[in-house]
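What follows is one structure encoded as structure tokens, with my remarks underneath.
The values are calculated or read from the model by the stated rules, or taken from the named source; none is laboratory data. A quick note: this is a predicted structure, and the numbers were derived from the prediction, not measured. Don't worry about glycine lacking a Cβ; one is built from the backbone with ideal geometry, like all the others, and counts go over all protein chains shown. For the accessible areas, the whole protein counts, side chains as well, though only heavy atoms, and no ligand, DNA or RNA atoms are used. Shrake-Rupley method; radii C 1.70, N 1.55, O 1.52, S 1.80 Å.
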Amino acid sequence: MRKILILAAATIGLSGVAQAADITGAGATFPFPIYAKWAEAYKKDTGIGLNYQSIGSGGGIRQIKSKTVDFGASDMPLKGEDLEKDGLLQFPAVMGALVPAINIAGVEARQIKFTGEMLSEIYQGTIKKWNDPKLVALNPGVKLPDANITVVYRSDGSGTTFVWTDYLSRVSPDWKSKIGANTSVQFPVGIGGKGNEGVSASVKQIANSIGYVEYAYAKQNKLAYGLVQNRDGKFPVPETESFQAAAANANWNEAPGFGIIINNQPGAEAWPITSATFILMHKKADKPEQSAAALKFFDWAYKNGDKLAVELEYVPMPANVKDQIRASWKGITDASSKPVF
């Protein structure tokens, strides 16, 4: 299932003759809900629209490399050598978190607990039933059925899959050695869904299923979800505070393009599956006015979009990091090497 956000360009100026330019972007489904909210508010403020195709991180990377959009979006940060090779600048837009969404009759949100190792075993097919002794022992008092678990995963190239499999690789040596972390992996069991939207829809429709989705999708689709044990052995509730706790120790300068992974951070309150989502743009702008328009949109979002982000359970970037990101934008230039922003 593919979603396209289109907020058309509007006429601006007192005379009505000046036409605002559409901004185009494509990629990650993880941040689609907040990009949609930001775009709606931005259009009201400026008259400028955003056309964002929610097609998955792999598609966003391909489209920005082929220069068919003003920006690409990916939940998997590109490495420094890849950014350099393709002449790309990368920066984080916002942070969010994944939850294991479930559909078990009689089991509500936050009632079931998982360890990371258990999630690894479920996704490897070694824990096959909901009443597996390991799950029962961790969840006394929860009525778990004698039913096969239907695993749902992303069928498209997905930064969300990268975040999920990176987390499993950090908590399960078996997962790391057999499957690893990537935007697309060979899941041993289960069925695929396209986008966070597709996984959410599949979990909602299929009894006794489990799937990994961005928290905003779980909330919007009224999906039940489980709690996950963090590095300190606690089971925090997924919410803004626990996502912020996970991000608190992040050192954004330790990787090119701010490309750090913040899964499985220490801290009793830290939600263990947390990630930033990233924007990719060409350093040498073929269409300087369009690159400038895209940067103005994200500058507006950094200044005005934090409240909207928190309402959807995303975590805004820290103020000092926003300043570092804006400074990095000087690296996007026109043909005469003049910064576009």
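Structure notes:
- Centroid-to-centroid separation of segment 100-134 and segment 154-176 [C-alpha atoms, Å]: 16
- Apportionment of accessible area to carbon and sulfur, segment 63-154, percent (1.4 Å): 50
- Portion, in percent, of the accessible area of segment 156-300 that falls on carbon or sulfur, probe 1.4 Å: 46
- Spacing of the two label points (7 Å from each Cα toward its C-beta) at Glu40 and Glu254, in nm: 3.8
- Mean residue ellipticity at 222 nm, helices only, the chain: -10500 deg cm²/dmol; runs of at least 4 DSSP H residues each add -39,500 (n - 2.57), and the sum is divided by the number of residues.
- Surface listing: Thr126, Thr160 arranged by accessible area from highest to lowest gives Thr126, Thr160, probe 1.4 Å.
- Taking each residue as 0.36 nm, the span from Asp82 to Asp174 lengthens on full extension beyond its C-alpha to C-alpha distance by 30.3 nm.
- Taken per residue, the accessible surface of the chain reaches 41 Å², heavy atoms only and a 1.4 Å probe.
- Extension gain for Phe235-Ile191 works out to 13.1 nm (0.36 nm per residue, less the C-alpha to C-alpha distance).
- Charges were assigned to the Cβ only: +1 to each Lys and Arg, -1 to each Asp and Glu. The resulting dipole of segment 163-251 about its Cα centre is roughly 180 debye.
- The antiparallel fraction among DSSP beta bridges confined to the chain stands at about 65%.
- Distance from the Cα centroid of segment 17-58 to that of segment 290-325 is 13 Å (rounded to whole angstrom).
- Debye, to nearest 20: dipole size of segment 191-324, +1 on Lys, Arg Cβ, -1 on Asp, Glu Cβ: 320
- Between Met76, Phe91, Ser66, the Cα set farthest toward the positive side of the dipole of segment 38-99 (charges on each charged residue's Cβ, about the Cα centre) is that of Ser66.
- With a 1.4 Å probe rolled over the protein heavy atoms of all chains, the accessible area of Lys307, Lys37 falls in the order Lys307, Lys37, largest first.
- Angle between the chain longest axis and helix 159-171 axis [Cα atoms, degrees, rounded to 10]: 40
- Spatially close Lys pairs in segment 252-341, defined by Cα atoms under 24 Å apart and a spacing of eight or more places or different chains, total 22.
- What the Cβ-Cβ distance of Ala327 and Gln220 gives, at R0 = 35 Å and to the nearest 0.05, is a FRET efficiency of 0.50.
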